[in-house]
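Encoded as structure tokens, the structure appears first; notes follow it.
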Amino acid sequence: MNRVKDWKRVISESFIWRSVFRHGYPDTRRNKMLAVSTNVFLHLHPTKIKERAYQVRFTWCMGGISFFLFLVLTVTGLLLMFYYVPDSRRAYDDMKDLTFVVPFGSVLRNLHRWGAHAMVLSVIAHMARVFYTGSYKPPREFNWVVGVILLVFTLLLSFSGYLLPWDQLSMWAVTVGTNMARATPFLGHEGPFANVLGMAINNDARFVLLGGTIVSQSALLRFYVWHCVGFPLILVVFLSIHFWRIRKDGFSGNL
Amino acid sequence: MSEDLLTGTKRLSRRGFFSAIAWGAFTAYMLALGAVLTRFFYPKILYEPSQKFRAGVPDDYPKGIVNESLKKAQRVWMIHTEKGIYSLIAICTHLGCTPNWFLENNRFQCPCHGSNFTLEGDVIAGPAPQPLFRAKITLAADGKIQVDKAITANRPPQRDEAPFVLKV
């Protein structure tokens with residue numbers, strides 16, 4: 001047992017270890033705080049927090065669970081991309097291959113699918129909890145706004161991913177969803193004031209979303225790129241702001 | 001701007017002048033970038049059926065018949081009534097499904113949420129908020145019918161006049 005302790009000390013006091021972790025072994029109060037504040041992954045979290053503000057009964061841990069699900073979705077989504085080609089002639093077959101042929105593909109797809117459903121639910125539960133505990137009130141009112149943006153991007157990710165299996169459900173869901181853009185004021189060709197800017201089926205807001213007038217190859221590619229790269233990148237930016245503001249504004253609760 | 005203490009007149013300082021130029025250039029650049037990005041998302045070539053197509057000659061469409069021959073390829077019905085020939089777009093105005101023509105009921109019925117439309121395209125049942133659209137229809141120089149689905153109308157009196165009805 002002493003041997004293990006000796007080795008731990010040797011490693012944690014070596015030149016290489018100390019070049020990565022600048023603080024000493026976290027057994028003192030100071031080193032424990034430095035372990036959090038000097039780590040890029042942990043520094044968004046406060047080094048000290050009141051126990052009462054951190055009770056699961058109060059927070060439901062819904063923000064943390066949402067973030068965990070986002071990480072799960074990023075990893076499983078990345079793995080799905082190795083077998084999926086956003087080509088309208090083979091997307092459906094690739095989805096079927098992922099379900100029935102690819103080793104553990106079924107687990108992967110279902111993790112991604114159920115994770116996505118769970119993330120929508122946990123984000124909404126998080127929002128409800130923040131609302132019911134009044135945690136949106138000053139000085140946290142800006143973070144509520146950032147949270148609403150995150151909710152929108154969660155829903156956009158959910159919606160854009162829905163097209164990718166390229167089956168009848170996807171086709172019609174996105175047909176219906178993008179048809180709403182037809183009714184945009186000024187920018188949709190069936191919306192109010194469509195004539196002011198001369199909107200038609202081949203130049204309005206829906207046309208830009210789909211890259212065409214029907215849900216076809218260009219729409220599949222656009223949704224794929226937004227789903228896999230565009231929306232996650234934007235989400236991460238707002239996520240960072242969201243976490244940083246919790247750190248700066250402090251936790252709410254019985255302080 | 002800096003103020004001349006003796007005369008009280010305001011004059012543009014050298015620093016203010018260059019600052020204005022720099023911010024002006026930056027603003028112009030960002031506006032141009034926004035315009036470029038917007039234009040980027042409008043494709044110049046579409047790999048899908050054109051909005052404009054030829055639809056045969058007027059004699060192909062006898063009076064009183066809903067012609068469905070172009071529905072699969074172009075998603076329109078060619079209809080000849082007392083007022084003339086019009087090209088009715090087969091996109092339900094509720095959520096974009098494709099209605100079907102039922103001769104025995106003399107109406108279009110949408111399979112998704114049950115909207116019903118008359119021969120004219122008017123809503124007589126279901127959730128559709130407005131009549132079906134008619135495409136621009138003209139007679140080309142060679143005597144063929146030319147349809148343009150990008151130009152539409154769905155309410156009288158506009159939809160009952162040229163170019164949305166072809167008088168024959």
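The values are calculated or read from the model by the stated rules, or taken from the named source; none is laboratory data. What you are looking at is a predicted structure, and each value in this text was computed from that prediction instead of being measured. Neighbour counts are summed over all protein chains in view; Cβ atoms, including those assigned to glycine, are modelled from backbone coordinates with ideal geometry. The area values use the complete protein model at the heavy-atom level, side chains included, leaving out ligands, DNA and RNA. Shrake-Rupley method; radii C 1.70, N 1.55, O 1.52, S 1.80 Å.
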Check your understanding: Where in the range B:19-42 does accessible area fall by at least 10 Å² between the isolated chain and the complete protein assembly, at a 1.4 Å probe radius?
Key -> B:41, B:42
Check your understanding: Can you give the mean number of other chain Cβ atoms that lie within 10 Å of the Cβ atoms in peptide A:165-178?
Key -> 1
Review point. Can you list, largest first and rounded to whole Å, the semi-axes you get for the range A:24-73 by taking the square root of 5 times each eigenvalue of its Cα gyration tensor?
Key: 24, 16, 7
Revision key, fill the gap. Counting only protein heavy atoms and rolling a 1.4 Å probe, one gets per residue an accessible area for chain B in Å² of 61
Revision key, fill the gap. For the range B:52-160, using Cα atoms only, the Rg and Dmax in Å read 13.2, 42
Point to revise | For residues of A:186-192, the mean tally of beta carbons on other chains within 10 Å | key: 1
Exercise for review: Quick one: divide the alpha-carbon radius of gyration of the range B:1-63 by 2.2 N^0.38 Å and tell me what you get.
Suggested key: 2.71
Review point. So for the range A:129-255, Kirkwood radius off the Cα pairs, Stokes-Einstein at 20 °C and 1.002 mPa s: how many µm² s⁻¹?
Key: 128
Practice item. Express the relative contact order of the range A:57-163 as a whole percentage, based on alpha carbon pairs under 8 Å and six or more residues apart in sequence. Key: 31
Check your understanding: Where only protein heavy atoms count, and the probe is 1.4 Å, what is the accessible area per residue for chain A in Å²?
Key -> 62
Study note, to complete from the structure: What one gets for the protein assembly as shown as the Kirkwood radius, inverse of mean 1/r over different Cα pairs in Å, is 27.1
Point to revise | Using alpha-carbon coordinates, inclination of helix B:14-40 to the longest axis of chain B, degrees | key: 10
Review point. Using alpha-carbon pairs under 8 Å, 6+ residues apart, how would you state the relative contact order of chain A in percent?
Key: 19
Point to revise | Per-q log10 I(q)/I(0), the range A:86-179, q = 0.17, 0.22 Å⁻¹ (Debye; single scatterer per alpha-carbon; no solvent) | key: -0.84, -1.10
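Report the accessible surface area buried between chains B and A, summing both sides, using a 1.4 Å probe on protein heavy atoms only, in Å² rounded to the nearest 100. Intermediate values should be presented prior to the final figure.
Details: alone 10980 and 16650 Å², together 26170 Å².
Approximately 1500 Å², summed over both chains.
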Check your understanding: Which of the listed residues, A:154, A:214, A:71, is farthest toward the dipole's positive end in chain A, when Lys, Arg count +1 and Asp, Glu count -1 at the beta-carbon?
Key -> A:71
Review point. How much accessible area does residue A:247 have with a 1.4 Å probe, in Å² rounded to the nearest 10?
Key: 80
Revision key, fill the gap. Quick calc: nm separation of the 7 Å Cα→Cβ label points for residue A:5 and residue A:81 -> 4.8
Exercise for review: Rank these by accessible area, largest first, 1.4 Å probe: A:79, A:98.
Suggested key: A:79, A:98
Review point. Of A:166, A:7, A:17, which has the most accessible area and how do the rest follow, probe 1.4 Å?
Key: A:7, A:17, A:166
Study note, to complete from the structure: With the 8 Å Cα cutoff and a minimum separation of six or more residues, chain B has a relative contact order in percent of 17
**Study point:** Summed residue charge, Cβ within 14 Å of residue A:162's Cβ, Lys/Arg positive, Asp/Glu negative
**Key:** +2
Exercise for review: Return the carbon/sulfur percentage of the accessible area of chain A, one whole number, probe 1.4 Å, all protein chains in place.
Suggested key: 69
Practice item. Quickly estimate the mean residue ellipticity at 222 nm for chain B, helices only: each DSSP H run with n ≥ 4 gives -39500 (n - 2.57), and the total goes over all residues, rounded to 500. Key: -6000 deg cm²/dmol
Exercise for review: Within a 10 angstrom radius of each residue's Cβ in B:44-52, how many Cβ atoms of other chains show up on average? Whole number is fine.
Suggested key: 4
Check your understanding: Within chain A, which complete DSSP H helices have Cα atoms spanning at least 18 Å along the helix axis and a mean Kyte-Doolittle hydropathy of 0.5 or higher?
Key -> A:62-80, A:105-132, A:141-162, A:231-249
Study note, to complete from the structure: Lys and Arg at +1, Asp and Glu at -1: neighbours of residue A:73 with Cβ under 14 Å from its Cβ sum to +2
Point to revise | Total charge dipole magnitude, the range A:23-64, about the Cα centre, Cβ charges on Lys, Arg, Asp, Glu only, Debye to nearest 20 | key: 180
Revision key, fill the gap. Interface residues of the range B:78-104, defined as losing at least 20 Å² of accessible area versus the chain alone with a 1.4 Å probe, are B:91, B:95, B:96, B:97
Point to revise | Loop-resident sites, the range A:1-92, for trypsin sites (Lys or Arg not before Pro), counting at most 15 other Cβ within 10 Å (DSSP) | key: A:22, A:48, A:50, A:89, A:90
Check your understanding: Suppose every K and R has +1 on its Cβ and every D and E has -1 on its Cβ; what is the size of the dipole of the range A:100-248 about the Cα centre, in Debye to the nearest 20?
Key -> 600
Practice item. Could you size up the charge dipole of the range A:57-163 around its Cα centre, putting +1 on the beta carbon of Lys and Arg and -1 on that of Asp and Glu, and report it in debye to the nearest 20? Key: 340
